[in-house]
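Participant: Below you'll find the structure I mean.
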Amino acid sequence: MTAIEPNTLDIETRRARRFTRINKADTWFQVFGLAWLTPILRALAGDNPRAQAREIWRLLGVPLLAIVLFLGAWATLAPTVQTSLGAVPGPVQVWEQVGSLHSDYVREKDREAAFYERQDKRNAALIAEGREDRVRERIYTGKPTYYDQIWTSIQTVFFGFLIASIIAIPLGIAAGLSVTANAALNPLIQIFKPVSPLAWLPIVTMIVSAVYTTNDGWFEKSFLVSAITVTLCSLWPTLINTALGVSSIDKDLVSVSRVLKMNTYTKITKLVLPSALPLIFTGLRLSLGVGWMVLIAAEMLAQNPGLGKFVWDEFQNGSSQSLARIMVAVFTIGIIGFLLDRVMYALQSMFTFSNNR
């Protein structure tokens with residue numbers, strides 16, 4: 001028998017630990033769309049570099065090549081298409097507008113800082129002269145920047161999505177547990193699920209204007225109109241998937257809950273929710289995606305603050321830069337939609353992991 005040297009065992013042990021850590025990290029790389037990092041780390045750790053190189057090409061090289069080809073086709077074909085606002089801008093012109101919008105943001109923040117600096121000096125002078133009654137604290141009301149519009153849209157979609165989730169998950173649980181509740185909710189779901197946000201928007205606008213009459217409330221009317229429209233259009237995927245997940249749990253588990261005489265709350269928290277969690281999160285991800293699309297349309301139609309209004313304003317502006325700025329907004333909307341989905345996927349992975357421990 002050949003003895004194995006201690007140094008060899010130590011090397012193999014460290015190597016096994018490295019691959020264990022890489023495998024654990026791969027779970028989160030998958031969540032955040034960074035799966036291409038895993039074969040790179042494996043190759044650096046010495047795991048069949050040739051096979052890992054093929055995996056790197058598949059996960060990173062092919063997507064990068066597709067992006068390069070898309071940019072090349074865009075740059076070549078864009079100048080050949082003439083619109084009422086001029087030729088369709090290519091990647092370079094769109095990137096220039098990214099810098100221009102950032103410069104607009106910097107200038108607006110400088111104006112805001114200068115405004116408050118002047119106000120502070122004026123108030124300090126009034127106090128020094130003993131005229132405290134003339135002191136005024138005013139809020140800067142300059143034009144919202146592109147970043148402000150982005151932040152407004154993100155806040156709105158999360159608020160509407162939160163309301164939708166609070167409504168949809170309990171109703172979905174009820175529909176999954178009770179045949180009677182399912183029979184009551186099903187016709188409402190089938191009727192209202194296909195309704196376009198453009199149909200909901202005027203109804204929501206009129207109701208909010210009639211009910212929310214205060215001018216100093218927590219929310220602006222425009223914010224509530226957009227958020228409630230998002231809620232009405234995005235709650236259905238969560239409701240349907242929750243009901244499906246709850247109704248699909250193992251019947252043996254339901255029988256066990258009866259034998260143990262679990263109360264309703266314990267049954268839902270200890271049995272129903274853990275079993276239905278994957279489908280519930282699938283519904284939440286779908287709802288957030290629907291809500292984001294609905295919000296942009298609602299902001300455009302109602303002229304409420306946000307990215308949708310930015311797109312509409314640029315379209316109405318009709319300047320030579322408008323089309324490029326609209327394209328910047330399109331890419332922004334797509335990237336934020338992707339990031340929102342990744343956030344929900346990360347939450348799903350966290351809850352599923354903790355539930356399976």
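Participant: TRP36 - would you say it is touching a residue at least 60 places away in the same chain (Cβ under 8 Å) and more than 30 Å from TYR146 (Cα to Cα)?
Facilitator: No, not satisfied.
Participant: Starting from residues that are closer than 14 Å to GLY176 by Cα and small (Gly, Ala, Ser), keep the ones in segment 219-270 and report whichever is surrounded by the most Cβ atoms within 10 Å (Cβ to Cβ).
Facilitator: ALA243
Participant: More than 19 Å from the chain's Cα centre (by Cα) and crowded, with 21+ Cβ neighbours inside 10 Å, is that true of ALA276?
Facilitator: Yes, satisfied.
Participant: Another question about this same structure. Being more than 30 Å from GLN321 (Cβ to Cβ) and either crowded, with 16+ Cβ neighbours inside 10 Å or of a type in the set (Gly, Ala, Ser) (or both) is the filter here, so list the residues in segment 48-89 that pass it.
Facilitator: ALA51, GLN52, ALA53, GLU55, ILE56, LEU59, LEU60, GLY61
Participant: Using the structure shown, decide if ILE335 is in contact (Cβ under 8 Å) with a residue 24 or more places away in the chain and either surrounded by 20 or more Cβ atoms within 10 Å (Cβ to Cβ) or closer than 20 Å to TRP74 by Cβ (or both).
Facilitator: No, not satisfied.
Participant: Name the single residue that is farthest from PRO305 (Cα to Cα) among those in segment 128-156 being of a type in the set (Ser, Thr, Tyr) and modelled with pLDDT under 85. So that I can check it myself, show each step before the final result.
Facilitator: The initial filter retains those residues of segment 128-156 that are of a type in the set (Ser, Thr, Tyr), namely 140-141, 145-147, 152-153, 156.
Still in the running and modelled with pLDDT under 85: 140-141.
Details: TYR140: 17, THR141: 14 Å.
Ranking the candidates gives TYR140 first.
Participant: Right, another one. If you scan segment 313-328, which residues turn out to be touching a residue at least 40 places away in the same chain (Cβ under 8 Å) and closer than 13 Å to PRO89 by Cβ? Can you show your working first?
Facilitator: At the first step, the residues of segment 313-328 found to be touching a residue at least 40 places away in the same chain (Cβ under 8 Å) are 318-325, 327-328.
Answer for segment 313-328, where residues must be touching a residue at least 40 places away in the same chain (Cβ under 8 Å) and closer than 13 Å to PRO89 by Cβ: SER319, SER320, GLN321, SER322, LEU323, ALA324, ARG325, MET327, VAL328.
Participant: Now, a different point. Is it true that some residue in segment 161-171 is within 17 Å of ALA297 (Cα to Cα) and either at pLDDT 90 or above or in a helix (DSSP H, G or I) (or both)?
Facilitator: Yes: segment 161-171 contains one or more residues that are within 17 Å of ALA297 (Cα to Cα) and either at pLDDT 90 or above or in a helix (DSSP H, G or I) (or both).
Participant: Is one or more of the residues making up segment 132-142 among the hydroxyl-bearing types (Ser, Thr, Tyr), open to solvent by 70 Å² or more (accessible area, probe 1.4 Å), within 25 Å of ILE326 (Cα to Cα) and assigned to a loop (DSSP other than H, G, I, E, B)?
Facilitator: Of all residues in segment 132-142, those among the hydroxyl-bearing types (Ser, Thr, Tyr) come to 140-141.
Still in the list and also open to solvent by 70 Å² or more (accessible area, probe 1.4 Å): 141.
Add one more test, that the residue is within 25 Å of ILE326 (Cα to Cα), and what stays is 141.
Applying the additional criterion that residues be assigned to a loop (DSSP other than H, G, I, E, B) yields 141.
The answer is yes; a qualifying residue exists.
Participant: Quick one: which residue in VAL157, VAL208, VAL179, VAL204 is over 22 Å from the mean Cα position of the chain (by Cα) and touching a residue at least 24 places away in the same chain (Cβ under 8 Å)? So that I can check it myself, show each step before the final result.
Facilitator: Working: VAL157 fails: over 22 Å from the mean Cα position of the chain (by Cα); VAL208 fails: touching a residue at least 24 places away in the same chain (Cβ under 8 Å); VAL179 fails: touching a residue at least 24 places away in the same chain (Cβ under 8 Å).
From the options VAL157, VAL208, VAL179, VAL204, the qualifying one is VAL204.
Participant: Take segment 13-47 and flag every residue that is at pLDDT below 80, farther than 23 Å from MET350 by Cβ and open to solvent by less than 100 Å² (accessible area, probe 1.4 Å).
Facilitator: THR13, ARG15, ALA16, ARG18, PHE19, ALA45, GLY46, ASP47
Participant: Would you mind telling me which numbered condition in (1) at pLDDT 90 or above; (2) surrounded by fewer than 11 Cβ atoms within 10 Å (Cβ to Cβ) VAL94 fails?
Facilitator: Here VAL94 meets the rest and fails (2).
Participant: In the set ILE169, ILE127, which member is under 26 Å from SER275 (Cα atoms) and among the β-branched types (Val, Ile, Thr)? Steps first, answer last, please.
Facilitator: Working: ILE127 fails: under 26 Å from SER275 (Cα atoms).
None of the other options fit; the residue is ILE169.
The values are calculated or read from the model by the stated rules, or taken from the named source; none is laboratory data. What you see is a predicted model; the values in this text were computed from it and never measured. Counting neighbours? That spans all protein chains shown, and the Cβs are built from the backbone with ideal geometry, glycine included. Heads up: the accessible areas ignore ligands, DNA and RNA and are worked out on the full protein's heavy atoms, side chains in. Shrake-Rupley method; radii C 1.70, N 1.55, O 1.52, S 1.80 Å.
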